[in-house]
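Please read the structure below before turning to the comments.
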């Protein structure tokens, strides 16, 4: 599981059946303070997230298959929640109400 910032959406006219009708997001992993870390990846949106949102992402195939209810689905990365705030060592490192609009 990791934190990420949604940096875009993905449109693919040809998809495997399990992805049909699902929104795909371009995700940039971030530290709790919001510093980019790791490689950008594509995830299935299950949390109604949008560009600029900080999100919680699972990145493990079995969990993804369970969420989609398909034991044979070729999935791994799924957005499971939009983050309201991150608290670390007693202080907020991220608060969506304090972020400047994009």
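Values for this structure:
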read-out: Among the candidates 65, 54, residue that is in contact (Cβ under 8 Å) with a residue 40 or more places away in the chain and buried (at least 18 other Cβ atoms within 10 Å of the Cβ); value: 54
read-out: Any hit, segment 19-37, residues being crowded, with 16+ Cβ neighbours inside 10 Å, touching a helix residue (DSSP H, G or I) at 6+ places or on another chain (Cβ under 9 Å), assigned to a strand (DSSP E or B) and in contact (Cβ under 8 Å) with a residue 12 or more places away in the chain; value: no
read-out: Filter result (on the phi < 0 side of the Ramachandran plot, in a loop (DSSP other than H, G, I, E, B) and touching a strand residue (DSSP E or B) at 6+ places or on another chain (Cβ under 6 Å)) within segment 38-75; value: 40, 46, 47, 49, 51, 53
read-out: Hits in segment 3-18 (condition: over 17 Å from residue 95 (Cα atoms), touching a residue at least 24 places away in the same chain (Cβ under 8 Å) and not in a loop (DSSP other than H, G, I, E, B)); value: 7, 8, 9, 10, 18
read-out: Condition broken by residue 87, with the remaining ones in (1) touching a strand residue (DSSP E or B) at 6+ places or on another chain (Cβ under 9 Å); (2) assigned to a loop (DSSP other than H, G, I, E, B); (3) exposed (fewer than 15 other Cβ atoms within 10 Å of the Cβ) satisfied; value: (2)
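Any read-out appearing in this document is the output of simple, stated calculations on the displayed coordinates, not a laboratory observation. What you see is a predicted model, and the numbers here were worked out from it, not measured in a lab. Counting neighbours? That spans all protein chains shown, and the Cβs are built from the backbone with ideal geometry, glycine included.
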